[in-house]
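The block underneath contains the structure these notes are about, expressed in structure tokens.
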Amino acid sequence: MQGTIDGFSYGVVTPVAAYIMACVGGALGLRCVVRSLLNTESWKPGWLALGAAAIGCGIWTMHFIAMIGFQVEETAVRYNVGLTVTSLVVAIVVVGIGVFVVGYRGATPVALSVAGVITGLGVAAMHYLGMAALHLNGEIHYDAVTVALSVVIAIVAATAALWAAVSIRGFLTSLGASLVMGVAVSGMHYTGMAAVSVHLHDSSRTTWAGDSPTSLLLPMLIGPAIFLLLAAVVVMFDPLLVLGDSEWGEKKPRQQPVRQAPPQSAKQDIGSPSPHWQRTPTRTDLRL
């Protein structure tokens, strides 16, 4: 028997909330990567790791907020705790690999290709690992073509995100890039969900283990949400800003040569005149 799937049981609430979380994670991650690249005094591995964790948490949170709206009318849906947590770890690790590759190698075609493929496959693995955590009175089947399309979307989205992380500098452009990232990640998720079909078991087989979406997912989402909030605080209240440096550590290095220029030019003006002009201040000094 074919199950009746509803991916929007709460209407537009879950997709909109999921999209917002994906955008928040992407925006924070991009700013962390930009900070590591433009401020040579910052601890680069720390900022890259923070950016990877922010993007990974944003993607994972997006997925499971969207899954709160997933239901099969003929059966209850439960989740395996271990696989759910593992999917979060996978998301952070694979995004970290891609971020560190482009963070140290730059936006070269080879680096972007390798990092984009690894990260995209990892994001897809996170999605389908999260789907494997589902327990219900039936079997989940996937359409191969739609699954392949979702993986391609994940790779393209990951490559574009990594390119934006090392190429985009301004705040507004980073914000725009995060909005595009949210669309891409959400598109990958719902494309993958379009590949899902459920074949129900016999009605006599009605027992299975696991936690319900509200009892498992909502408490688990609190942790990543708090982490994203703390990451936002770190980005907004960076210690370098408190010390008075410019937003990205660029104004101070530019002002130092300007301040040092007048003494240097003055010395050059004194040393440059002809011997006739050099004797004039000497006579004035003798008169004084």
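Conditions (1) in a helix (DSSP H, G or I); (2) touching a Pro at 6+ places or on another chain (Cβ under 7 Å); (3) modelled with pLDDT under 90; (4) buried (at least 19 other Cβ atoms within 10 Å of the Cβ), marked per residue:
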site: Thr86; (1), (2), (3), (4): yes, no, no, no
site: Ala91; (1), (2), (3), (4): yes, no, no, yes
site: Gly96; (1), (2), (3), (4): yes, no, no, yes
site: Val102; (1), (2), (3), (4): yes, no, yes, yes
site: Val114; (1), (2), (3), (4): yes, no, no, no
site: Tyr128; (1), (2), (3), (4): yes, no, no, no
site: Met131; (1), (2), (3), (4): yes, no, no, yes
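Screening Leu37 against (1) more than 23 Å from Val185 (Cα to Cα); (2) out of contact with any helix residue (DSSP H, G or I) (no Cβ under 7 Å at 6 or more places or on another chain); (3) open to solvent by 40 Å² or more (accessible area, probe 1.4 Å) leaves a single unmet condition, (2). Inside the range 142-190, residues that are of a type in the set (Val, Ile, Thr), within 17 Å of Cys32 (Cβ to Cβ) and surrounded by 15 or more Cβ atoms within 10 Å (Cβ to Cβ) make up a count of 2. With respect to the conditions (1) touching a residue at least 40 places away in the same chain (Cβ under 8 Å); (2) surrounded by fewer than 20 Cβ atoms within 10 Å (Cβ to Cβ); (3) part of a helix (DSSP H, G or I), Glu139 lacks only one, and its number is (3). Condition first: buried (at least 19 other Cβ atoms within 10 Å of the Cβ) and in a helix (DSSP H, G or I). Can you find one or more residues in the range 70-83 that meet it? The answer is no, given that none of the residues of the range 70-83 is buried (at least 19 other Cβ atoms within 10 Å of the Cβ) and in a helix (DSSP H, G or I). Of the candidates Ile118, Ile55, the single residue that is of a type in the set (A, V, I, L, M, F, W, C), part of a helix (DSSP H, G or I) and surrounded by fewer than 21 Cβ atoms within 10 Å (Cβ to Cβ) is Ile118.
The values are calculated or read from the model by the stated rules, or taken from the named source; none is laboratory data. Note that the coordinates shown come from a computational prediction; the quantities given were computed from them, not determined experimentally. Glycine gets a Cβ as well: all are built from the backbone with ideal geometry, and neighbour counts include every protein chain shown. All accessible areas refer to the heavy atoms of the entire protein, side chains included, with ligands and DNA or RNA removed. Shrake-Rupley method; radii C 1.70, N 1.55, O 1.52, S 1.80 Å.
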